[in-house]
Amino acid sequence: MLYFTTLLLSMFITIVLIPILKGLGAKVNAIDMPNPRKVHTTPIPTVGGAAMAIGTLVPVLLWLPPSPQVKSILIGATIIVAAGVVDDVKDLGYKIKFAAQVVAAIIIIFYGKITISNLGVLLPDGYVLSNMVSAALTLLVIVGVTNAINLSDGLDGLAGGITLLTFICIGYLAFRSENHIITITALASAGAIFGFLRFNTYPATVFMGDAGSQFLGFMAIVLSIAITQDNTPVSPYLPLIILGFPVLDTLTVMTERIASGRSPFVADKNHFQHKLMRVGMFHTEAVFTIYVLQTTLVITAILFRYYSDWLFISFYFGFAAIVTFS
């Protein structure tokens, strides 16, 4: 019952907050203006991220014990959202945003003790990474995936839908593993996204902004690491499957930019969703196609979570090859 209540409460808080924050957003210039690179043609408030963050973190504060793991997630997420909100109002520049992500990740690693130490079949049986290597790898993965989700936020409902499916998967796996902390946090995140999508489904009246996309990316990868590295039989490569699509898209786009002599960090319209629209798909068709791909990945992760790590690795690289070269 508590899990269902968590889902409903986070959704309710988000739905209530968004209309309130829309008015505030207009006053502080938290508005996404249209330009040739973007799909929308009218100014749209970017307050959805703050609403989702509050909707997610309130149930976590209410129902979870103040353990180092919980507090590290709360503090790290707050840093990510605070930097994102300021960036949505006044462009902070990538250096400050990157610094905020690094600080949030460091808190997760050293205070929350959420790290990647087990690489499964890529290391000898029973061998784990040293603390230094583990911390460096975890930092790289958290910052990388946070930005990958941020960059995937290119169409109405897209980033929200991708991460919603991810959180449902994490919540289910955590529930089956009797991990109460991760179950509550994942369901709170999912409920907040449900509430947000009420306003963000095409044609959107609210965007999540950098605050929202970075928050969802941060939460998704942190919970994914926690559920697969904490004395569990679940494959440590499960995050590669449930978060692999936005990561693949980001790496592909950056590679294309570098190959054409452009900065890998300058935004363009060469993401997978833009390519789908260029071949004739409508906005909703492109989003639905990516939903189907993400659903396939999530179902695969759930069904084969206890199978060989090599199966996950092989499946992901096969999927990556099909998506990249099709």
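Here, each number is a calculation from the coordinates, and none is a lab measurement. Bear in mind that the values here come from a model prediction, so they are computed numbers and not experimental data. Note that we place each Cβ from the backbone using ideal geometry, even for glycine, and neighbour counts take in every protein chain shown.
At-a-glance table
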| read-out | value |
| --- | --- |
| Charged-residue dipole, Cβ positions (Lys, Arg, Asp, Glu), region 2-236 about Cα centre, Debye nearest 20 | 320 |
| Karplus (6.51, -1.76, 1.60) ³J(HN,Hα), θ = phi - 60°, over region 9-21, in Hz, Gly and Pro reported as x | 5, 5, 5, 5, 4, 5, 5, 6, 6, 4, x, 5, 6 |
| Gyration tensor over alpha-carbon atoms, the chain, equivalent ellipsoid semi-axes in Å | 28, 24, 19 |
| All lysines inside 20 Å of Lys90 as judged from Cα atoms, apart from same-chain residues fewer than 8 positions distant | Lys22, Lys27, Lys38 |
| Vicinal HN-Hα couplings computed from phi for region 203-208 (Karplus, 6.51 cos²θ - 1.76 cosθ + 1.60; Hz; Gly/Pro x) | x, 5, 10, 9, 9, 7 |
| Amide H partners (placed H, <5 Å) of Asp32, local residues excluded | Ile44, Thr46 |
| Candidates Leu17, Leu216, Leu303: whichever shows maximal mean-square fluctuation once the chain is modelled as a Gaussian network with Cα springs under 10 Å | Leu303 |
| Computed E for Val121/Phe12 - FRET, C-beta separation, R0 41 angstrom, nearest 0.05 | 0.40 |
| Overall form of region 107-266 per C-alpha gyration tensor (a/c, 1.5; a/b vs b/c) | oblate |
| Gain upon complete extension [Val28, Met132; 0.36 nm per residue less C-alpha separation] | 33.2 nm |
| Peptide ranges 305-311, 258-264 listed from the most packed, as the mean C-beta count within 10 angstrom indicates | 305-311, 258-264 |
| Computed E for Lys275/Leu2 - FRET, C-beta separation, R0 56 angstrom, nearest 0.05 | 0.85 |
| Listed residues Phe315, Val141, Ala100: farthest to the positive end of the dipole of the chain (Cβ charges) | Ala100 |
| Ordering of 239-245, 275-281 by burial proxy (mean other Cβ atoms within 10 Å per residue, highest first) | 239-245, 275-281 |
| Sequence-separation-based contact order of the chain, relative, with Cα cut under 8 Å and 6+ spacing, percent | 24 |
| Dipole of the chain, positive end: most advanced residue of Leu187, Leu24, Ile302 [Cβ charges, Cα centre] | Leu24 |
| Calculated from backbone phi, Karplus (6.51, -1.76, 1.60) coupling profile of region 75-92 in Hz, x at Gly/Pro | 5, x, 5, 5, 4, 4, 5, 4, 5, x, 4, 4, 5, 5, 8, 9, 3, 7 |
| Residue list for region 107-144, given a label point 7 angstrom along the Cα-to-Cβ vector of Ser314 and an amide N cut-off under 16 Å | 121-122 |
| Max mean-square fluctuation residue, GNM over the chain, Cα-Cα springs under 10 Å, options Tyr172, Tyr94, Tyr202 | Tyr94 |
| Mean separation of Cα contacts under 8 Å (6+ apart) over length of region 157-243, as relative contact order % | 33 |
| Max mean-square fluctuation residue, GNM over the chain, Cα-Cα springs under 10 Å, options Phe312, Phe218, Phe288 | Phe288 |
| Ordering of 57-69, 185-197 by packing [mean C-beta count within 10 Å, highest first] | 185-197, 57-69 |
